[in-house]
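Worksheet for the structure shown next.
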Amino acid sequence: MTYCVGLSLREGLVLLADTRTNAGVDNISTFSKLYTAVSPGDRAIGMLSAGNLAITQSVWNRLQEGVVLDGVAHTLLSVHSMFRAAQLVGAAVRAVYQADGATMQAQGVAFDVSIILGGQIAGGPPRLYLVYAAGNFIEATPDTPFLQIGEHKYGKPILDRALTFETSLTGAVKLALVSMDSTLRSNLTVGMPLDLLAIRTDGFQIALQRRITEEDAYFRVIREGWSAALRDAYRALPSPDWPMA
């Protein structure tokens, strides 16, 4: 399993993913689930993946080599808008399914893949999409400014309560890390290290890309501070005044 989250803000985008790949309790590996396509001054795009590792790697390799969209082969560095980039990723997913889906089904293997795609291409705003296994997709909006894939339930409450479209880029990084820490504490199939990416609106380059390990000083502050804050908030709440026998 995995946990990936993308945040869409007025100031830009934040993408965060764990790196654990679990093929059984005795077969756990570390693979990056973050991919980037950048042409400074023109575009900065990040992609997060969850699901079958062979599928997600095949999708990325096809995107690198070129995927046919409306009769023309494109990569993420050649499409003219983020909407077209999402269409391209969807086409790549469908191409992998066409090539491998029947064989996987015959082996009893589900075609399991989901992708978060975020970025900005010159001439358009930053956009954030969730691409499904069928190749269709949805987009984050100011009303719902985050998207999740993988083991999302543990990290969702903090985003529901605290994140808005007006949250600063640095504030969004902090919230993404709290969301990830909540997931790490509650699900063993999600694991360190983490891959973090931030793209600032109209920057057309990567503002921040960081591999976060257990030794990362700031992440330790987040983990310890959030736990202490929760304990303090719990203690500060009034006790029930209902009669008890």
How about the stretch 138-155: which of its residues are under 18 Å from residue 35 (Cα atoms) and in contact with a Leu (Cβ under 6 Å, 6 or more places away or on another chain)?
-> 147
Would you check if there is a residue in the stretch 11-23 being outside any helix (DSSP H, G or I), over 29 Å from residue 160 (Cα atoms) and in contact (Cβ under 8 Å) with a residue 60 or more places away in the chain?
-> no
Take the residues in the stretch 193-221 that are assigned to a helix (DSSP H, G or I) and not basic (Lys, Arg), then tell me which one is nearest to residue 31 (Cα to Cα).
-> 219
Of the candidates 201, 213, 183, the one satisfying the condition of being surrounded by 19 or more Cβ atoms within 10 Å (Cβ to Cβ) and modelled with pLDDT of 95 or more is 183
Those residues of the stretch 143-180 which are loosely packed, with under 14 Cβ neighbours inside 10 Å and in contact (Cβ under 8 Å) with a residue 60 or more places away in the chain, in sequence order = 166, 168
Residues within the stretch 63-90 that are crowded, with 20+ Cβ neighbours inside 10 Å and within 20 Å of the chain's Cα centre (by Cα), tallied = 9
Looking at residue 55, is it within 24 Å of residue 200 (Cα to Cα), of a type in the set (Val, Ile, Thr) and touching a residue at least 12 places away in the same chain (Cβ under 8 Å)?
-> no
All positions within the stretch 32-44 that are in contact with a strand residue (DSSP E or B) (Cβ under 6 Å, 6 or more places away or on another chain), surrounded by fewer than 24 Cβ atoms within 10 Å (Cβ to Cβ) and not hydroxyl-bearing (Ser, Thr, Tyr) | 34, 37, 38
Do we find a residue being charged (D, E, K, R) and at pLDDT below 95 anywhere in the stretch 163-179?
-> no
Is it true that some residue in the stretch 222-234 is assigned to a helix (DSSP H, G or I), under 18 Å from the mean Cα position of the chain (by Cα) and aliphatic (A, V, I, L, M)?
-> no
Within the stretch 69-85, track down each residue that is touching a residue at least 24 places away in the same chain (Cβ under 8 Å) and either polar (S, T, N, Q) or outside any loop (DSSP other than H, G, I, E, B) (or both).
-> 75, 81, 82, 83, 85
With respect to the numbered conditions (1) of a type in the set (A, V, I, L, M); (2) touching a residue at least 40 places away in the same chain (Cβ under 8 Å); (3) in a helix (DSSP H, G or I), which one is the sole condition not fulfilled by residue 44?
-> (3)
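The values are calculated or read from the model by the stated rules, or taken from the named source; none is laboratory data. If you're wondering where the values come from, they're calculated on a predicted model, not measured in any experiment. Don't worry about glycine lacking a Cβ; one is built from the backbone with ideal geometry, like all the others, and counts go over all protein chains shown.
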